[in-house]
Amino acid sequence: MLISPSLLSADFLQLGAEVEMLNNSAADWMHVDVMDGVFVPNISYGLPVLSAISRVAKKPLDVHLMIVDPNRYVEQFKEAGANILTVQYEACTHLHRTLEHIKSLGMMAGVALNPHTPVSMLEEVTQMLDLVLVMSVNPGFGGQKFIPQSIDKVSRMKELLLRKKSKALIEVDGGIGLLNAPLLQVAGADVLVAGNCIFSAENPAAMVDRMKQV
Ligand code: DX5
Ligand code: ZN
């Protein structure tokens, strides 16, 4: 199981130290949540902050765009250091084109599904995907309650990917902790994002270890 701690729950005044802590932890990726205040009702951080993180991060940067019309910014996120670029299905009018765009720049291409968006919406693009992100909360904020139905959704996503012979990884994001992590793993998850659970722990690096051992 890969663990991608979400920097949304980090102490922004100590961002360099937080990234350094993750460099020295068992974390596999670092999850960077970009919010525009339009697609989601919150504004987080954007390109200059990602560039700063990429100067110190020693792990792949897993960038989750919760913004409208993400196709406009694909090059800029590549330049700012994104290794994995995930767009929201609901924000893309021409998803196929956007995925080609991301892949043409050498990044891993991901699509995130809001809790209400059916797995079947990805039927026609599974071959192009490196990653599917099953949102287990409504995007916009850290520290929200996990939606239990997401476990079954991960199983159905796994079935779709197997049927289509897609090698895409399944990532799950929102409200994840030590209790639901094992259930998500059994359902077929490959990557778990965790913000609040890791950064509110007394010892965040030790919490990453515990999640890795799930
Ligand atoms: C929510 C973000 C998540 C968030 C997860 O919109 O996409 O990545 O940081 O945070 P927790 O683990 O606290 O739910
Ligand atoms: Zn996220």
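Any read-out appearing in this document is the output of simple, stated calculations on the displayed coordinates, not a laboratory observation. Computed from a prediction, not measured in an experiment: that's the story for all the values here.
Please list the non-local residues whose amide H lies under 5 Å from the amide H of F39, H modeled 1.01 Å from N, same-chain partners needing a gap of 5 or more.
Distant-sequence amide H within range of F39: V68.
Taking every Cα atom in segment 1-140, find the radius of gyration and the maximum pairwise distance Dmax, and write them in Å.
Both quantities, over Cα of segment 1-140: 14.4, 43 Å.
Per residue of the chain, what 222 nm ellipticity follows from adding -39500 (n - 2.57) for every DSSP H run with n ≥ 4, rounded to the nearest 500?
Mean residue ellipticity at 222 nm (helix-derived): -9000 deg cm²/dmol.
Calculate log10 I(q)/I(0) of segment 129-214 for q = 0.14, 0.16, 0.20 Å⁻¹, where I(q) comes from the Debye formula with a single equal point scatterer on each Cα and nothing for solvent.
At q = 0.14, 0.16, 0.20 Å⁻¹ the computed log10 ratios are -0.47, -0.60, -0.89.
Work out how much length M1 to K59 would gain on full extension: take 0.36 nm times their residue separation and subtract the Cα-Cα distance, in nm to one decimal.
19.3 nm
For the chain, give me the percentage of DSSP beta bridges that are antiparallel, rounded to the nearest 5 percent.
Counting DSSP beta bridges with both partners in the chain, the antiparallel share is about 5 percent.
Going by amide H atoms built from the backbone, whose H comes under 5 Å of the H on H31, apart from near neighbours?
S6, L7, D62
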